[in-house]
1. How are the C-alpha pair distances of the chain spread across 5 Å bins, as whole percents from the shortest bin up?
2. Do you know the relative contact order of the chain, to the nearest whole percent, from alpha carbon pairs under 8 angstrom that are 6+ apart?
3. Going through region 61-154, which trypsin sites (Lys or Arg not before Pro) have at most 14 other Cβ atoms within 10 Å and a DSSP loop state?
4. Long-range amide H contacts for S161: which residues qualify at under 5 Å (H placed 1.01 Å from N, peptide plane, sequence gap of 5 or more or a different chain)?
5. Starting from the Cα of V113, step 7 Å along the direction of its Cβ; do the same at S27; then give the gap between the two resulting points in nm.
6. Tell me, how many Å apart are the Cα centres for region 94-155 and for region 55-75?
7. Please report the relative contact order for region 146-227, taking Cα pairs under 8 Å with a sequence separation of at least 6, and give it as a percent rounded to a whole number.
8. Explain nothing, just compute: Karplus ³J(HN,Hα) = 6.51 cos²θ - 1.76 cosθ + 1.60, θ = phi - 60°, for every residue of region 155-165 in order, whole Hz, x for Gly and Pro.
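What follows draws every value from the coordinates through simple rules; no lab data is involved. This one's a predicted model, so the numbers in the text were calculated from it and none came from an experiment. Neighbour counts run over all protein chains shown; Cβ positions are idealised from the backbone, glycine included.
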Amino acid sequence: MNDSNSERVEMYLKTVAELGGESDPISIGRVAERLGVTAASANEMMKRLGESGYIHHLPYKGVTLTGSGRRLANSVIRRQRLWECFLVDRLKMDWAKAYEMACDLEHATAPEVTEALATFLNHPAFCPHGNPIPDPASPPSKITLMPLSELGAGQTASIRSLVPESSSILAYLAERDLLPGKQIKVIEVAPMQGPLTLRVSQIGDDPTSDQEIVLGLALAGLVMVEIGSRRENE
């Protein structure tokens, strides 16, 4: 397999994993949309990945990763998120742009470089966007998260991670203070798939510093939260 084909395989498997295909079937259409390719191209690649033993294709449901597919996907994700930590924490690069920079680096990083990088960074558990860094020596985190888009009016939650669709989306969320560690409360959910009105605060901050923002449902689906409030007497 040449370098370009190897990179394509890694990108597809990483995308399936990021969309939840380690445990639940993911439609090929969602993979194509995330990668910006045609449905025909995605279907052809999924056929090849199935023949290579990386995915299971479940008719009318979608695809899931096999054991070997999961290991390769997590290897790619590990490289990418370690690079994100290095770029943001050590080189002080822009938080939003680090995701796409790391995507460029992940495919050219040998296993020994990956582990040297992990040691140099003191084995971080999460990337700067709050997503766990897979560790082959440790079981995956059992924390249950859900998209902000699924919360109802009056519910509170802590933001744990952001789905890194693109640097521009990460920058948009950061400008609105929707970052890991923030506490949010849903004030209103507009009908007909309308936007959410949110109160955003830093955990432990003075409530008088809270701000209200309006966020579309699609963007809210990229903000992963843990249900529950840490602020008493709110």
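1. 1, 6, 13, 17, 17, 17, 13, 9, 5, 2, 1, 0
2. This gives 15 percent for the chain.
3. On the way: sites: K61, R70, R71, R78, R79, R81, R90, K92, K97, K142; in loops: K61, K92, K97, K142.
The qualifying sites are K61, K92, K142.
4. Correct list: M224.
5. Rounded to a tenth, the inter-label distance reads 3.8 nm.
6. Measuring centre to centre over Cα atoms gives 20 Å.
7. With pairs under 8 Å counted, the relative contact order is 42 percent.
8. These are the phi-based 3J(HN,Hα) values: 7, 10, 7, 9, 6, 10, 7, 10, 6, x, 5 Hz.
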